[in-house]
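No value in this document is a laboratory result; all are computed from the given coordinates. What you see is a predicted model; the values in this text were computed from it and never measured.
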Amino acid sequence: MATPATTEAASSGTMPQLDFSTFPNQIFWLVVTLVVIYLVLSRIGLPRIAGILAERRGTISGDLAAAEELKQKAVAAEKSYQDALVQARAEGAKIIAAAKAEIQKGLDAATAKADAQIAAKAAESEGRIAEIKAGAMDAVAEVAKDTAGALVTALGGQADAKAISAAVSARMKG
Amino acid sequence: MAGEATSGPTFEPMHQFGIHPLFGGDTLHWYTISNVTLWMGVAVILATLLMVISTRRRALVPGRSQSIAEILYSFVHDMVVDITGHDGVKFFPYVMTLFTFILISNYMGLIPGAFTTTSHIAVTAVMAMAVFLTVTVVGFVLNGVSFLGLFWVSSAPLVLRPILAVIELMSYFVRPMSHSIRLAGNMMAGHTVINVFATFGFYAIIAPLSVLGIAAMYGFELLVCAIQAYVFTILTCVYLRDALHPSH
């Protein structure tokens with residue numbers, strides 16, 4: 001430090017790196033440089049970058065948590081939707097059953113009514129048929145008596161109306 | 001080193017490393033503003049631009065310059081934590097300062113006409129000695145006498161231990177030398193080779209080859225600049241680990 005060097009004294013012939021007269025100058029400015037860089041970095045640069053990185057990490061994990069929460073919400077919403085769907089289905093089934101029962105009741109009543117009407121009609125018809133049958137039997141007996149009387153007369157007998165009628169009736173029963 | 005160039009080009013590959021006062025004058029006092037001052041000042045400005053100005057927006061989604069600052073930060077921070085452990089984080093600003101300065105100075109030296117401060121053994125030796133003294137002082141302050149266990153290889157057979165202790169002690173004191181000469185030597189060699197190639201370019205017939213050689217060497221130097229900054233930093237971390245955890 002005490003001996004100022006002559007510039008470029010050893011620039012030719014030797015390595016400037018080994019020119020010890022330049023060492024004090026280099027070392028002094030190096031120390032100044034390193035101290036300044038150290039202060040700039042440790043006071044401003046590095047804490048700031050550390051802050052940025054920590055903030056980013058916080059933001060990312062916060063966003064992930066929010067996403068997870070939203071996902072949970074979506075799952076819950078889907079579940080409640082499914083529940084509502086199941087409930088609506090049950091409700092619908094119930095309504096259908098009620099309607100069916102109602103319809104069945106009306107149907108039963110109508111069927112019973114129709115059956116009764118059919119039965120009445122059938123009974124009426126049967127009465128009529130029996131009447132007609134009876135009428136026909138009487139007519140047959142009349143014709144038989146007449147025929148028998150005519151036959152007897154034709155054969156030269158004396159037609160006894162009472163006897164013929166009794167005989168015809170006896171025959172017809174048999 | 002410089003040749004006796006009587007005819008043709010002046011062969012002075014070491015001239016680029018010369019140190020001279022910036023504003024005239026012949027004498028170089030310790031306080032003289034020299035080309036060393038200029039380029040170290042530029043390094044300070046670039047370091048500030050890189051690590052402080054680029055991050056001024058504190059963007060959550062970083063831009064290009066902020067990304068570079070963050071990558072450098074994470075790179076060195078992870079290195080310090082991985083090698084020295086979590087208690088080594090208090091040395092992180094110190095390591096980061098060395099890394100930033102060396103990286104910027106190495107790359108600035110690749111600007112044609114620039115002066116490479118890290119090619120000087122005085123510069124690298126001061127940084128290496130600072131690391132060496134820090135490791136030694138911190139080692140003794142934190143561990144007391146047990147810091148000497150660093151030299152006593154307890155896993156070796158007892159007979160070998162004194163011999164190993166001598167070897168370990170020697171290697172310990174050689175550290176600052178290898179630490180500093182590695183960086184300065186690499187930078188100096190690369191620049192000298194480029195300069196020699198450029199001198200060959202004086203002859204038109206070799207000039208194309210010379211240009212090719214310079215281009216190849218320049219690309220190689222782009223790698224070396226980063227690697228040497230990395231090597232210096234990682235060795236600093238390795239030495240600091242010895243101070244924090246001296247047991248083998």
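Shown in residue order for the stretch B:171-178 are the 3J(HN,Hα) couplings computed by the Karplus curve 6.51 cos²θ - 1.76 cosθ + 1.60 at θ = phi - 60°: 4, 5, 7, 7, 3, x, 5, 5 Hz (x for Gly and Pro). Cross-link partners for residue A:100 among the aspartates and glutamates, with Cα-Cα distance under 17 Å and sequence neighbours closer than 8 places in the same chain left out: A:91, A:108.
Within the same chain, lysines fewer than 8 places from residue A:133 are excluded, and of the rest, those with a Cα less than 25 Å from its Cα are A:121, A:145, A:162, A:173.
Sorted from largest to smallest, which semi-axis lengths in Å does the alpha carbon gyration tensor of the stretch B:116-175 give for its equivalent ellipsoid, taking the root of 5 times each eigenvalue?
Numbers: eigenvalues 167, 47, 7 Å².
Computed over the stretch B:116-175, the values are 29, 15, 6 Å.
Across all Cα pairs in the stretch A:43-103, the calculated P(r) in 5 Å bins from zero up to the longest distance comes to 4, 14, 9, 11, 8, 9, 7, 6, 7, 5, 5, 4, 4, 3, 2, 2, 1, 0 percent per bin. Across the stretch A:16-173, Cα-Cα distances exceeding 18 Å account for 84% of all pairs. The angle between the Cα long axis of helix A:46-154 and the longest principal axis of the Cα atoms of chain A comes to about 10 degrees, rounded to the nearest 10. So for chain B, considering every pair of alpha-carbon atoms, how many percent are separated by more than 22 Å? Counting pairs separated by more than 22 Å, the tail of P(r) holds 64 percent. Compactness of the protein assembly as shown was expressed as the Cα radius of gyration divided by 2.2 N^0.38 Å, which yields 2.65. Under a 5 Å amide H cut-off, with hydrogens placed 1.01 Å from N, residue B:34 pairs with B:22 among residues at least 5 apart or on other chains.
Note on residue A:105: lysines with a C-alpha under 18 Å away, same-chain residues under 8 apart excluded, are A:94, A:113. Rounded, prolate or oblate for the stretch B:1-91? Axes are the square roots of the Cα gyration tensor eigenvalues, ordered a ≥ b ≥ c, and the cut-off for rounded is a/c under 1.5. Since a/c reaches 1.5 and a/b is larger than b/c, the shape of the stretch B:1-91 is classed as prolate.
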